[in-house]
């Protein structure tokens, strides 16, 4: 068994009644990140071996692996600059000592966890952005199910009126999640539909309003204008709205997802990111890049199609799952 080059400090104590549930999710997360781990961490393990000295050639090889894993050039350079500083400060010489340093620097880049919370006056409004195919509809359905399970009454607005199929898909998810749906019909003005939904949410004393939007990047300027208008209309109809602007990005797209994200952020400043389909990609490094390149935290991640496969992002769990190599490295619990 290889030496645990990614060993970190002791994880915080988990209360006995929470252990089974937490372990179950951690195992699912670890399984979901298998493709990324096999292409990313396995390569690092091959480099960081006892007896190999730390030099610039090694640092450049590590940078190449990070970039190939869609951590991104800018994020990789920032991370490795910090690694070099730590190596210099501690006087590290053996490459096997770098595992813990890299792991710690990834955690620092991810920053503090910012879970999704319902705060302020009802209805709590969530505007959901993202290109078609990124997983917006399933994300909305899973969010609605989560809020409903916690005893909150949920209303969903079908703001993507340019695709009839979008409303139909949303209706199916709302039925599964136990949420009501406001729809305006094909080619209806999206801002008008959203305005009506906000009014309905207030009248019906709904706890949470989730707004779907179109994601046609091939019509960039009209779409951005439309999204900006929806954001303004929500603010006019309800003080503080939208309380949350979630951008859904497809984890399998990698760095292209960040390029899309920057375009959406120009229209409506995002407050959090949802990374979906992490179980189907070797590009999970995109999660590391999001915070540093967008300035917005990853709030939720998806690793499957089940209703409970969308969870609050926890940096500690993500890094532990990513840096655990089955059969070779044991992570201290």
Residue 106: in contact (Cβ under 8 Å) with a residue 60 or more places away in the chain, closer than 28 Å to residue 308 by Cβ and in contact with a strand residue (DSSP E or B) (Cβ under 6 Å, 6 or more places away or on another chain), yes or no? no
Of the residues 194, 156, 211, 206, which is surrounded by fewer than 24 Cβ atoms within 10 Å (Cβ to Cβ), in contact (Cβ under 8 Å) with a residue 40 or more places away in the chain and touching a strand residue (DSSP E or B) at 6+ places or on another chain (Cβ under 6 Å)? 206
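Could we say that residue 306 is without any contact (Cβ under 8 Å) to a residue 12 or more places away in the chain and under 25 Å from residue 176 (Cβ atoms) here?
Numbers: without any contact (Cβ under 8 Å) to a residue 12 or more places away in the chain: yes; under 25 Å from residue 176 (Cβ atoms): yes.
In short, yes.
No value in this document is a laboratory result; all are computed from the given coordinates. Just so we're clear, the structure is a prediction, and the values are computed from it rather than from any experiment. Positions of Cβ are backbone-derived with ideal geometry, glycine not excepted, and every protein chain shown enters the neighbour counts.
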